[in-house]
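Reviewing the structure listed below.
Taken together, the values in this text are just the output of simple stated rules run on the coordinates, not laboratory data. Bear in mind the structure is a predicted one, so any value in this text is a computation, not a measurement. Ideal geometry is used to build each Cβ from the backbone, glycine not excepted, and the neighbour counts take in all protein chains shown.
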Amino acid sequence: MGGIFVFVEQTDGVLEDSSLEVLGKGKEISHQLGVQLVGGILGEGVGELAEECARRGANVVLAADSPLLRNFAADAYTEVVASMVKSCDPDILLIGATHNGTALAGMLAVRLGTGLMAHVVDLEIEPGTNMLLGSVPAFGGSIVAVCKVKKGRPQMATVRTGVFATAEATGQSGNVEQFAISLKEEDVRSKVVERKIERGTSVSKAERVVVAGLGCKDQLSLPMKLAEVTHSTFGVSRPLADKGMAPKNLVIGSTGSSLNAKLVVVVGVSGAAHFTSGLRNVETVVAVNSDPGAEIFKHADYCVVGDATKVVPKLIAELGGGRA
Amino acid sequence: MKLVVCMKITPKLEQVKFDEQKKTIVREGVENEINDADKNALEAALKIKDAQGGLVVVLSMGPPSFEPFLRLAVAMGADDAILLSDRAFAGADTYATSRVIAAGIAKLKPFDIVLCGEASIDGSTEQVPPSVAEWLGVPYVSYVSELEVAGEKLRARREITDGREVVETTPPALVSVQLGCNSPRFPDFRRKRWADKEFKLTTFNLQDLGFSIGDVGLEGSRTEVTGLSKMRSPERRKEFIQGTDEEIVRRLGQVIRR
């Protein structure tokens, strides 16, 4: 049948942003190739979410609904998505590069005996061959390798969060089909026993972001306050999260999210390639760093040389946030 | 309990340069090191061994020049080290790499837990751990920050997009651990001398793993690189705001308020 298959991830009944972005890009490629876009969603009670994907551009949404699929388990999800893929035989299979999406993709590629391009930041169709070309960042995001799947089908790619626009409602709706599964309890070999979710505005969708780095030392309350007075979402560079000072979902760059903001204020980040690759879609970048030679200044529109812990309090006062 | 730790030996990123003319990566003279997250995987394994005994085996794929890094892992506390090495393994993508690593691990059966770092610093695909799990037919739990063995079960705390969860599975299983989730121990001085001089490392080649050339390396890969380029960054103003502290802050305030 050909076509494009997108795995749609949901957690506790909420669609992942990254899946909606992949759905949007999948729709664009499906138009370009003149083929169908099929979404696959797994979970318990996902009927309404499946309908939403159908409204957002999927021609067909396969919904596997079962208490066994309530929580993500890499092996069980691989089993079900593999059978969905076999049922519709797509040429292209796209998955959002979330933690769960990445786990699924790696298992699925081996199960299907096919090639996988990881964390792509761009997807194109090669003229003439109609093959999928994926731009894969490597060496910390300083280099991009353009890759393709030379052996095996479907051509698989995981897609970095924040690089493509979210699929919007199209005014038409595709069909939702229930997908029957033959999964047994013992096929779900990892079980979630506890979960805590804290959803805020995702950094990749935010209009304004304040990003803190190691230069803020242990005074993260300062950039957080700056975020508050400027109505910005708060993000961090990777080393802060690695030190356990901030959660991983706030990380900006090649191992985290790409930003799409109008304004980003970056304080105390040196600006390694894996970080600055997350700033490519930002309209205006302001950077504060104590080192005049810092790499971050090559990626900023407005540069201030100064100690983040001294500049930020003054800036908060200037912006009417009182004394920090 | 047998714990297998997969280790990648990676180039020091800051030394890697890109030749814009030739569109190739210049690796000459670049030093290598054990991938950071894989050191965290080793530490997680050694902690389990400390708590309840067991055997820790480190395993890597690469040329014989990687041997010293495996010896370093032994000096840190690993009991055995395996190098999967054959010219035919070169040029592998994640599909062919994971196939070879899984075959190496399969030779160590029965194993209980395989531990990997969440990603390598050079490729950062995060695809090898789940792919190895699939070749081995074992469950996979990723992004683990804490790992404990509780009776028959393996309990793992992991991060997901907007939160965290605790997952239970039963060995044999494969887990990938988060970069920085623990502090890797330093090599023991006396053990280091033993590891360097007396320890016998095991090497498996193509035949040992029962593969033919088409299964592995470049030929066994499913993807190919058609070109390399430097990541394009948008042009920026790069305007340095200068003056007294007050002037700088006032100007910055204008930029932010707009």
For A:LYS262, placing the label point 7 angstrom along Cα-to-beta-carbon and taking the range A:217-239, residues whose amide nitrogen sits under 15 Å are A:230-233
Tilt, helix A:99-112 to longest principal axis of chain A (alpha-carbon atoms), in degrees rounded to tens, equals 40 degrees
Taking every C-alpha to C-alpha distance in the range B:135-219 and binning by 10 Å from 0, the per-bin percentages run 13, 25, 26, 32, 4
Scoring chain A by relative contact order with C-alpha pairs under 8 Å, at least six apart, yields a percentage of 15 percent
Percent antiparallel among DSSP beta bridges confined to the range B:1-157, rounded to 5, stands at 45 percent
Per residue of B:232-245, other chain Cβ atoms within 10 Å number on average 5
Taking the dipole of chain B about the Cα centre (Lys, Arg +1; Asp, Glu -1; charges at Cβ), the one of B:VAL128, B:THR244, B:VAL166 that reaches farthest to the positive side is B:THR244
From fewest to most C-beta neighbours within 10 Å, the residues A:HIS299, A:HIS99, A:HIS31, A:HIS119 line up as A:HIS31, A:HIS99, A:HIS299, A:HIS119
Note on the range A:4-187: contact order normalised by length, alpha-carbon pairs under 8 Å, 6 or more apart, percent, works out to 30 percent
Checking rank on A:224-230, B:124-130, with mean other Cβ inside 10 Å and highest first, the result is B:124-130, A:224-230
Inter-chain shielding metric for A:244-255, i.e. average beta-carbon neighbours from other chains within 10 angstrom, reads 3
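Hey, can you rank A:63-69, B:30-36, B:92-98 by average C-beta count inside 10 Å, highest first?
Packing proxy ranking, top to bottom: B:92-98, A:63-69, B:30-36.
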Of all DSSP beta bridges having both residues in the range A:38-157, the percent classed as antiparallel (nearest 5) is 45 percent
In nm, the gap between the two label points placed 7 Å beyond Cα toward Cβ at B:GLU31 and B:GLU148 is 3.9 nm
Only helices counted: for the protein assembly as shown, with every DSSP H run of 4 or more residues adding -39500 (n - 2.57) and the sum spread over all residues, [θ] at 222 nm is -8000 deg cm²/dmol
Per residue of B:130-140, other chain Cβ atoms within 10 Å number on average 6
Here the averaged projected area of chain B, based on the convex hull of its alpha-carbon atoms and given in nm², is 19.6 nm²
The range A:282-322 scanned against label point 7 Å out from A:LYS243 along Cα→C-beta; backbone N under 16 Å for A:289-291, A:307-310
Assertion target for B:ARG222, B:ARG236, B:ARG27, ordered by fewest C-beta neighbours within 10 angstrom first, is B:ARG27, B:ARG236, B:ARG222
For chain A, longest principal axis from Cα atoms; helix A:17-33 axis from its Cα atoms; angle between them, nearest 10 degrees, is 60 degrees
Largest-first semi-axes in Å of the equivalent ellipsoid built from the Cα gyration tensor of the protein assembly as shown are 36, 31, 24
Percent relative contact order for chain B, counting Cα pairs under 8 Å at least six residues apart, stands at 24 percent
As a percent rounded to 5, the proportion of antiparallel DSSP bridges among beta bridges in chain A is 20 percent
Counting sequence-distant residues (5 or more places) and residues on other chains, those with an amide H built under 5 Å from that of B:THR226 are A:VAL146, A:CYS147, A:LYS148
One finds the C-alpha centres of the range A:96-123 and the range B:96-134 to be spaced, in Å, by 15 Å
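How would you classify the range A:203-318 from its alpha-carbon gyration tensor, with a ≥ b ≥ c the square roots of the eigenvalues: rounded for a/c under 1.5, else prolate if a/b is greater than b/c, otherwise oblate?
Rounded is the answer for the range A:203-318, as its axis ratio a/c remains below 1.5.
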Ranked on Cβ counts within 10 Å of their own Cβ, fewest leading, A:VAL38, A:VAL159, A:VAL211, B:VAL74 go B:VAL74, A:VAL38, A:VAL159, A:VAL211
Rounded to the nearest 0.05, FRET efficiency between A:GLU51 and B:LYS230 (Cβ-Cβ, R0 41 Å) equals 0.40
